[in-house]
C-alpha cells in the first residue's frame, strides 16, 4: 500500500536492509562533517529494534576518534540495568574504536538534579548532524509521552534547554522506568537530518494516524512538523 505521508518514507524489503540503509545514511552525515573539517555529532535512540543498525554503522571504516555519539533519551538507571539505553549503545559500538559516547545518566543524582550538568555538555555538541528516533505504540518518541506532566516542557519550541528530566509514570508503555532524561524538541529538530527507524505494518499505521492527531496524543507529530523535509523514515515490515 502506498504511503499517505507528506514526508519521505523509504521502504525496504527486510529489517536488516532498512538498518543497513540507516547506517549508510549516518555514514554520509559523518563524511560531510569530516569533509568540513570538524567532528561529526550523532544522537541515537535506544530500544531493541535499532541495535542491529547501530552495529552495522559501528562496523564501517570511519574515523571514529572524530565522532561524538549522544543519546536522545534514557531511563534513569545504571548501565548494569537491562533498561539502560546507554548500555545498549556502548555494546553496539564496541567495534568503533575511539568513538566518544555521551551518556545522559548520572549515578548519584535524580534526573532533574542532573539537568544543568548534561545541558552544559549538550550545548557543546549542538546542533547534531543527524538524530535517530524511534516510535512507540502510543506514538511517543524520545521520552515525550502522552499524559506526561512534562510533555509541554519537552515540546516547548522556545526552550533553551537541550535536555530535561521527566516523569513518565502516567504512560503505561514507559513503566517501570518512570524517571527519564530526554532531549527537547528544539534540540532534536535543529539537527541536519532527523531519521526515524520503524518496523511493522502496525507502526506504519500509527505513524500515518499521528500526522493528523493532536500532538498531546501523538507527540511524534511535533518532530515531524518541526523538522519538515529533514524528517525521513526508514521502514520495513
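Looking at residue 52 and the list (1) farther than 27 Å from residue 140 by Cα; (2) under 17 Å from the mean Cα position of the chain (by Cα), which single condition is not satisfied?
Here residue 52 meets the rest and fails (1).
Please determine whether any residue of segment 101-118 is in contact with a strand residue (DSSP E or B) (Cβ under 7 Å, 6 or more places away or on another chain), closer than 25 Å to residue 211 by Cβ and part of a loop (DSSP other than H, G, I, E, B).
no
Are any residues in segment 195-226 over 20 Å from residue 19 (Cβ atoms), without any contact (Cβ under 8 Å) to a residue 40 or more places away in the chain and in contact with a strand residue (DSSP E or B) (Cβ under 9 Å, 6 or more places away or on another chain), and if so, which ones?
The one that is over 20 Å from residue 19 (Cβ atoms), without any contact (Cβ under 8 Å) to a residue 40 or more places away in the chain and in contact with a strand residue (DSSP E or B) (Cβ under 9 Å, 6 or more places away or on another chain): 225.
Pick from 74, 80, 68: which is assigned to a strand (DSSP E or B) and surrounded by fewer than 24 Cβ atoms within 10 Å (Cβ to Cβ)?
Result of the check over 74, 80, 68: 68.
Restricting the search to segment 141-150, which residues are in a loop (DSSP other than H, G, I, E, B) and crowded, with 24+ Cβ neighbours inside 10 Å?
Passing the criteria: 142, 143, 145, 148.
Just to be sure I understand the filter: pairs with C-beta atoms under 7 Å, separated by 6 or more residues or on different chains, first member in segment 148-166 and at positive phi and in contact (Cβ under 8 Å) with a residue 40 or more places away in the chain, second member assigned to a loop (DSSP other than H, G, I, E, B) and buried (at least 22 other Cβ atoms within 10 Å of the Cβ). Which pairs pass?
Note: no pairs meet the criteria.
Mind checking whether some residue in segment 93-101 is farther than 30 Å from residue 176 by Cβ, within 20 Å of the chain's Cα centre (by Cα) and surrounded by 17 or more Cβ atoms within 10 Å (Cβ to Cβ)? Before you say what the answer is, go through the steps one by one.
Filtering segment 93-101 for residues farther than 30 Å from residue 176 by Cβ gives 95-100.
Next, from what is left, pick out any that are within 20 Å of the chain's Cα centre (by Cα): 96, 99-100.
Those left that are additionally surrounded by 17 or more Cβ atoms within 10 Å (Cβ to Cβ): 96, 99.
Yes, the conditions are met somewhere in segment 93-101.
Check residue 31 against each of (1) crowded, with 17+ Cβ neighbours inside 10 Å; (2) over 15 Å from residue 233 (Cβ atoms) and name the one condition it does not meet.
Condition (1) is where residue 31 drops out.
Just to be sure before I move on: is residue 132 in a loop (DSSP other than H, G, I, E, B), closer than 14 Å to residue 182 by Cα and at pLDDT 95 or above in the structure I sent?
Taking the combined requirement at face value, the residue does not satisfy it.
Do you know which residues across segment 151-175 are more than 18 Å from the chain's Cα centre (by Cα), modelled with pLDDT of 95 or more and either part of a loop (DSSP other than H, G, I, E, B) or crowded, with 20+ Cβ neighbours inside 10 Å (or both)?
158, 159, 160 - these are the residues of segment 151-175 that are more than 18 Å from the chain's Cα centre (by Cα), modelled with pLDDT of 95 or more and either part of a loop (DSSP other than H, G, I, E, B) or crowded, with 20+ Cβ neighbours inside 10 Å (or both).
For the condition more than 16 Å from residue 129 (Cβ to Cβ) and touching a strand residue (DSSP E or B) at 6+ places or on another chain (Cβ under 7 Å), what is the one hit in 86, 66?
None of the other options fit; the residue is 86.
Anything in segment 90-100 that is part of a loop (DSSP other than H, G, I, E, B) and in contact with a strand residue (DSSP E or B) (Cβ under 7 Å, 6 or more places away or on another chain)? List them, or say none. Write out each step before concluding.
So in segment 90-100, the residues part of a loop (DSSP other than H, G, I, E, B) come out as 93-99.
Scanning segment 90-100 gives 93, 99.
Within segment 46-65, can you find the residues that are outside any loop (DSSP other than H, G, I, E, B) and either in contact with a helix residue (DSSP H, G or I) (Cβ under 7 Å, 6 or more places away or on another chain) or buried (at least 22 other Cβ atoms within 10 Å of the Cβ) (or both)?
Applying the first criterion (outside any loop (DSSP other than H, G, I, E, B)) to segment 46-65 yields 51-58, 64-65.
Within segment 46-65, 51, 52, 53, 54, 55, 56, 57, 58 meet the criteria.
Select from segment 9-22 the residues that are in contact with a helix residue (DSSP H, G or I) (Cβ under 9 Å, 6 or more places away or on another chain) and surrounded by fewer than 20 Cβ atoms within 10 Å (Cβ to Cβ) and list them in ascending order. Before the answer, list the steps.
From segment 9-22, those in contact with a helix residue (DSSP H, G or I) (Cβ under 9 Å, 6 or more places away or on another chain) are 9-12, 15-16, 18-22; that's our starting set.
Across segment 9-22, the qualifying residues are 9, 10, 11, 12, 15, 16, 20, 21.
The values are calculated or read from the model by the stated rules, or taken from the named source; none is laboratory data. Treat the numbers as computed from the prediction; the structure is a model and nothing was measured. Glycine gets a Cβ as well: all are built from the backbone with ideal geometry, and neighbour counts include every protein chain shown.
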